Amino acid sequence: MTVPAAASSASSRGAAARHTSQFKELTERVSAAGLLRRRYGFYWGAFGAAAAALTAVWTGVVLLDDSWWQLLLAAALGLIFAQLGFLGHEACHRQVFRSARCNEWTGRLVSGLLVGISYGWWMTKHTRHHAAPNQLGKDPDITSQAVAFSSDAAQSRRGVGAWLARRQGWFFLPLLMLEGLSLHASSLARVIGRRPVKHRTVEIVFLTVRLGGYLTLVFLLLPPGLAAAFVGVQVAVFGLLLGGAFAPNHIGMPIVPRGLSIDFLRRQVLMSRNIGGGPVVRFLMGGLDTQIEHPLFPGMPRPNLRRAQAIVRDYCGEHGITYTETSIWHAYRVILSYLNRVGLQHRDTFTCPLTQQHRA
């Protein structure tokens, strides 16, 4: 029997209203628990610890002089820059201060002057990702020249690209070591390109001081060969840690077809996975271990996300919404297996659970 268009439209409006009501109810529960309040102590402590760590590492570089032990300090510097990257990410999401302006300039300062990533480029890209995670044609994070995240992308590859795509699961972890270089290059390309960038001059100055000043300092303090190795190790560790923290969020989770509309709550929960683990995992992932809660409440301070998890998980259970949480090791097994399947152009890659419902 064919359902009349008017009845179908009314049914869709009713479902949309229920879904909106559900997210509102969840938000009220989280707010009642006090989890949207600022955590100034945490952030001032984190910035202070990062400043102390940077001072200690650069002091060590000066004292060690011409020694290959410098590469350990390079790895430590990569770790510190990754942690600063997470703090810049949180400022971009207005998690740190009550004032939007203070958050914006903190994010611009930390990202550009300390980490070497363009705030304007990152915000444009990351905002689009949050709006439509894992949706073909909308999420820039699943559009890559290096990795095919969908069967359609794999099928479009030719020659060497197709050969690499068929084996991309094995190349993925080494590729993460190049993520830091990619972030710096994309940032520079954006600020010196023709596309609009807010406060372009400031961004150019920040990136020039950070990237140019950093290279100058390293090559002044160390012999050329050691300096090159120092920069290589630092950038590789930075990329591996930063990219490795973002990768488990969505890769291997359902892919949303073009044009499919999903309500906000399900869009964020069904396409994301949380990573369980102890304090070391939480530290290395910089708050991204709670990827389900973060996009639901992007302004929530990092320390509160773990506390919000129980509320969100229970609420999803009440409403039959699949909530995914696993270990970091299992997440990467799924990711590498998924990427190899996609690279071999299998058509049975994960599809959004709601797709079949909407098509029916």
Query raised in the report: What about residue 313, is it modelled with pLDDT of 95 or more, part of a helix (DSSP H, G or I), basic (Lys, Arg) and surrounded by fewer than 18 Cβ atoms within 10 Å (Cβ to Cβ)?
Result: yes
Requested in this report: Being without any contact (Cβ under 8 Å) to a residue 60 or more places away in the chain and among the basic types (Lys, Arg) is the filter here, so list the residues in the stretch 139-179 that pass it.
Outcome: 157, 158
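Do we have any residue at all in the stretch 281-295 that's of a type in the set (A, V, I, L, M, F, W, C) and more than 23 Å from residue 45 (Cα to Cα)? Write out each step before concluding.
To start, the set of residues in the stretch 281-295 that are of a type in the set (A, V, I, L, M, F, W, C) comprises 281, 283-285, 288, 292.
From what's left, more than 23 Å from residue 45 (Cα to Cα): 292.
Taking every residue of the stretch 281-295 in turn, at least one turns out to be of a type in the set (A, V, I, L, M, F, W, C) and more than 23 Å from residue 45 (Cα to Cα).
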Query - Test: residue 212 is without any contact (Cβ under 8 Å) to a residue 60 or more places away in the chain and either in contact with a strand residue (DSSP E or B) (Cβ under 9 Å, 6 or more places away or on another chain) or over 16 Å from residue 67 (Cα atoms) (or both) - result: yes
**Report entry** Qualifying positions in the stretch 78-113 - out of contact with any His (no Cβ under 9 Å at 6 or more places or on another chain), over 21 Å from residue 41 (Cβ atoms) and touching a residue at least 24 places away in the same chain (Cβ under 8 Å)
**Finding:** 78, 79, 81, 82, 85, 112, 113
Query - Single residue of the stretch 114-132 satisfying the filter (among the aliphatic types (A, V, I, L, M) and in a helix (DSSP H, G or I)) that is nearest to the chain's Cα centre (by Cα) - result: 123
Report summary line: Of the candidates 354, 336, 265, the one satisfying the condition of being assigned to a helix (DSSP H, G or I), within 26 Å of residue 29 (Cα to Cα), modelled with pLDDT under 90 and not aromatic (Phe, Trp, Tyr) is 354
Report summary line: Over the stretch 40-70, the set of residues over 22 Å from the mean Cα position of the chain (by Cα), touching a residue at least 24 places away in the same chain (Cβ under 8 Å) and surrounded by 16 or more Cβ atoms within 10 Å (Cβ to Cβ) is 53, 54, 61, 70
Requested in this report: Collect the residues in the stretch 144-190 that are touching a Phe, Trp or Tyr at 6+ places or on another chain (Cβ under 8 Å) and β-branched (Val, Ile, Thr), keeping them in residue-number order.
Outcome: 147
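The values are calculated or read from the model by the stated rules, or taken from the named source; none is laboratory data. These numbers were taken from a predicted model, which means no experiment stands behind them. Positions of Cβ are generated from backbone atoms using ideal geometry, with glycine treated the same way; all protein chains shown enter the neighbour counts.
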